[in-house]
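Undergrad: I have a structure I would like to understand better, so I am pasting it below and will then ask my questions one at a time.
The values are calculated or read from the model by the stated rules, or taken from the named source; none is laboratory data. Fair warning: this is a prediction, and the values are worked out from it, not measured in the lab. Here the Cβ positions follow ideal geometry from the backbone for every residue, glycine too, while neighbour counts run over all protein chains shown.
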Amino acid sequence: MEMNNPSSNHQSNAQGSFGATLQQARKSKQISLKEAASELFILERHLQALEEEDFAALPQVTFARGFVINYAKFLQLDPTKIATSFDAAYPDEMRAQSVSNIDTPLRPMGTLQRDSRSRIRFNPLLILAIVGLIVLAVFLFRMVTNASQDNATSTTAVEDLSASEQAQGAAVDTQYDSTGLDGVGASGSALNLDSTNDISAVTLDVEIIDTTNVDITDASGNSLMSGSQTSGNYKLLGAPPFNIQIDNIDNVKLLLNQESVALNEYAADKQASFALAP
């Protein structure tokens, strides 16, 4: 009667785990975790948690499963097998906690409209930027107007002089031009007439048709939307690309800069996990 060797069984299970498979495939392709995270727009610590099967360091199970599918595709592995291995390894108690956790805070930016009682909310930074542009435009307009008036006054004075008076005052006029009107012109040319507020943020409109899990982070790692979302319209503002995880695409519509996003192109079994940029 043959006896099973516990150490050999443990080694076999480790070699067949999805985390070890992902790590071995990445190292065989000589790709660092940082490079993989940059390509997938997934945080480096999340990729490391997948390889180490550290489920506590991962987001909710739906989004973690999307991460592992994208990682498998990136490493040219079979995403179905990897996802099946992930499902088998994911602890049942954590899965239950993930499903029941609906208290994740939502931090939308911009205008939020959920029902008839919702109030329009404005981004104060955007308002300050607009006010600053208006003040700058008024200031530049006054500078140009004053410069034009000074130039017109100088021209009129020269025309009123006789030919001999103009000849006698030529040296004075030349010196005045070099330190007076010309100096003003030089100062004016140094001003940034095309000054604009450098806003690199992009607007992402999210329409939730029915309650579903949605997780959205921007390129800076800011969480714009996370967890179970009730029906309503959300206007988010962040730096692209956006890392998006959707539990059921039938319940969600996305608009990027007012252009509709075809979610079915990124979905598998109604679940989508993808990066989105203009």
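Undergrad: Would you point out the residue of segment 156-169, among those that are surrounded by 10 or more Cβ atoms within 10 Å (Cβ to Cβ) and either modelled with pLDDT of 65 or more or not β-branched (V, I, T) (or both), that is nearest to the chain's Cα centre (by Cα)?
TA: Filtering segment 156-169 down to residues surrounded by 10 or more Cβ atoms within 10 Å (Cβ to Cβ) leaves 157-158, 161, 165-169.
Filter once more, keeping what is either modelled with pLDDT of 65 or more or not β-branched (V, I, T) (or both): 157, 161, 165-169.
Details: A157: 59, L161: 65, E165: 67, Q166: 64, A167: 65, Q168: 66, G169: 63 Å.
Per the stated criteria, the residue is A157.
Undergrad: Would you point out which residue out of A49, A37, A57 is under 23 Å from F242 (Cα atoms), under 21 Å from the mean Cα position of the chain (by Cα) and surrounded by fewer than 20 Cβ atoms within 10 Å (Cβ to Cβ)?
TA: The match here is A37.
Undergrad: Here is a further query. Return yes or no: is T62 part of a helix (DSSP H, G or I), within 26 Å of V214 (Cβ to Cβ) and modelled with pLDDT of 95 or more?
TA: Numbers: part of a helix (DSSP H, G or I): yes; within 26 Å of V214 (Cβ to Cβ): yes; modelled with pLDDT of 95 or more: no.
No.
Undergrad: Okay, next question. Let me confirm something: among T145, T153, which residue is farther than 26 Å from I130 by Cα, of a type in the set (S, T, Y), modelled with pLDDT of 50 or more and not in a strand (DSSP E or B)?
TA: After applying the criteria, what remains is T153.
Undergrad: Sort out which residues of segment 226-249 are within 14 Å of the chain's Cα centre (by Cα), more than 21 Å from I69 (Cα to Cα) and not in a loop (DSSP other than H, G, I, E, B), and write them in order of number.
TA: K235, L236, L237, G238
Undergrad: So which residues in segment 237-259 are of a type in the set (D, E, K, R) and in contact with a strand residue (DSSP E or B) (Cβ under 6 Å, 6 or more places away or on another chain)?
TA: Matches in segment 237-259: D247, K253.
Undergrad: Tell me which residues, restricted to segment 111-129, are surrounded by 11 or more Cβ atoms within 10 Å (Cβ to Cβ) and either modelled with pLDDT of 85 or more or of a type in the set (D, E, K, R) (or both).
TA: Listed by number, the residues that qualify are R114, R121, L125, L126, L128, A129.
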